[in-house]
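Written below as structure tokens is the structure these notes are about.
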Amino acid sequence: MERFGADLDALIAADARVGVAVSGGPDSLGLLLLAAAARPGQVEAATIDHGLRPEAREEASMVERLCGRLGVPHATLTARWAEVPETAIQERARHQRYRLLGYWVEERGLDALATAHHAEDQAETLLMRLARGAGVRGLAGMRPRSVSPGAHVRLVRPLLGWRRAELEQVCSAAGVTPVADPSNEDERFERVRVRRALAGLDWLDSGAVAQSAAILADADAALDWAMNAEWARSVHEKRGSIIYRPSDLPAEIVRRIVAKAIRRLATEGDRDPRGPELTRLISALSDGGTATLRGVLCRGGAEWHFVPSPNRTRPVDNLE
């Protein structure tokens, strides 16, 4: 209990009111039990019924009954689909989940949303991103403190240093039987395949992989510090435009400068450009070319200019 209390205190003030996302599985039930004991009277819980499985309503009712025993206010939030998804199911369910939880946190006036991501989740995330060729930022994995995607509420993950087995023990000690989500056994989903692969590698320790992610997060913060110093020296912003005079700096600092310029001026799609897009864009700018990314017109040369595009030029994805 003291261990969890210290982990949570490191992420959010001791008097903060915390919303806990609880699915009914061992990870989130462990988080609920730990949070309710560590911060009595300061915790509320919510369960998402994605509307994708008939069992979900009863699972939410089970969590509600447990919350009643613990004296924790509980809400069941139901996803409303215009059309039930048949592809990209986990991605779209995740979007709905964070959207609903974000609204709930704001409505209840809570200070943060806590999720039950743990060391094995972190290791799975790092390996999935490694397989996609991610850079330092991606390989840093999930952060203990961040912002809930799509909702802009504070998100904390106090269990990144905990193992799945430890959370199962918390549930067992409390006499709580978690539910089993069949999607966790469905190998159509990448995370399930990675989880099973990890389980079969006795030489690869998930806790050590998660620790590497934490070290990479520190490295990512250091690179951002260097990028912001370069931004202050070499970037000029005025009247909705950004001008950068590139110098002989490490490529990663230049990438971050360009990515920040795109984020600031983006008018289309996801504001964060992907790695391959940045690589192609920087190559074009270095050659003195012109391209558009995220609705930002980018022109290279001795100085790199970024402005909102009045009309699109050839997309960066099509650059040779």
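With Arg137, Arg233 as the choices, which residue is assigned by TED's automatic domain parsing to the domain that holds Leu31 and at negative phi?
Exactly one residue qualifies, and that residue is Arg137.
Total residues in the stretch 198-219 satisfying the condition of being surrounded by 13 or more Cβ atoms within 10 Å (Cβ to Cβ) and not in a helix (DSSP H, G or I): the figure is 2. Going by the conditions given, is Glu120 touching a residue at least 40 places away in the same chain (Cβ under 8 Å), surrounded by 20 or more Cβ atoms within 10 Å (Cβ to Cβ) and of a type in the set (D, E, K, R)? For Glu120, the condition - touching a residue at least 40 places away in the same chain (Cβ under 8 Å), surrounded by 20 or more Cβ atoms within 10 Å (Cβ to Cβ) and of a type in the set (D, E, K, R) - is met. Being within 23 Å of Arg137 (Cα to Cα), in a helix (DSSP H, G or I) and of a type in the set (A, V, I, L, M): is that true of Ala222 here? In short, yes.
In this structure, Arg191 does satisfy being surrounded by fewer than 19 Cβ atoms within 10 Å (Cβ to Cβ), modelled with pLDDT under 90 and either under 14 Å from Cys298 (Cβ atoms) or not assigned by TED's automatic domain parsing to the domain that holds Gly301 (or both). Just checking, does the stretch 268-291 include any residue being farther than 19 Å from Ile253 by Cβ and in a strand (DSSP E or B)? So far as the stretch 268-291 goes, yes, one or more of its residues are farther than 19 Å from Ile253 by Cβ and in a strand (DSSP E or B). Only one of the numbered conditions (1) under 18 Å from Val22 (Cβ atoms); (2) of a type in the set (D, E, K, R); (3) crowded, with 20+ Cβ neighbours inside 10 Å is not met by Asp111, and that is (3). Close Cβ contacts (under 9 Å, 6 or more residues apart or on different chains) running from residues in the stretch 91-117 that are over 20 Å from Leu29 (Cα atoms) to residues that are of a type in the set (Phe, Trp, Tyr) comprise Arg92/Trp81; Gln96/Trp81. Of the residues examined, Glu166 is not one that is charged (D, E, K, R), crowded, with 21+ Cβ neighbours inside 10 Å and in the same structural domain as Leu77 (by TED's automatic domain parsing). Any chance the stretch 61-82 includes a residue that's among the basic types (Lys, Arg), in contact (Cβ under 8 Å) with a residue 24 or more places away in the chain, surrounded by fewer than 18 Cβ atoms within 10 Å (Cβ to Cβ) and in the same structural domain as Pro158 (by TED's automatic domain parsing)? Yes: the stretch 61-82 contains one or more residues that are among the basic types (Lys, Arg), in contact (Cβ under 8 Å) with a residue 24 or more places away in the chain, surrounded by fewer than 18 Cβ atoms within 10 Å (Cβ to Cβ) and in the same structural domain as Pro158 (by TED's automatic domain parsing).
The values are calculated or read from the model by the stated rules, or taken from the named source; none is laboratory data. Since the model is a prediction, treat every value here as computed from it, not as a measurement. Positions of Cβ are backbone-derived with ideal geometry, glycine not excepted, and every protein chain shown enters the neighbour counts.
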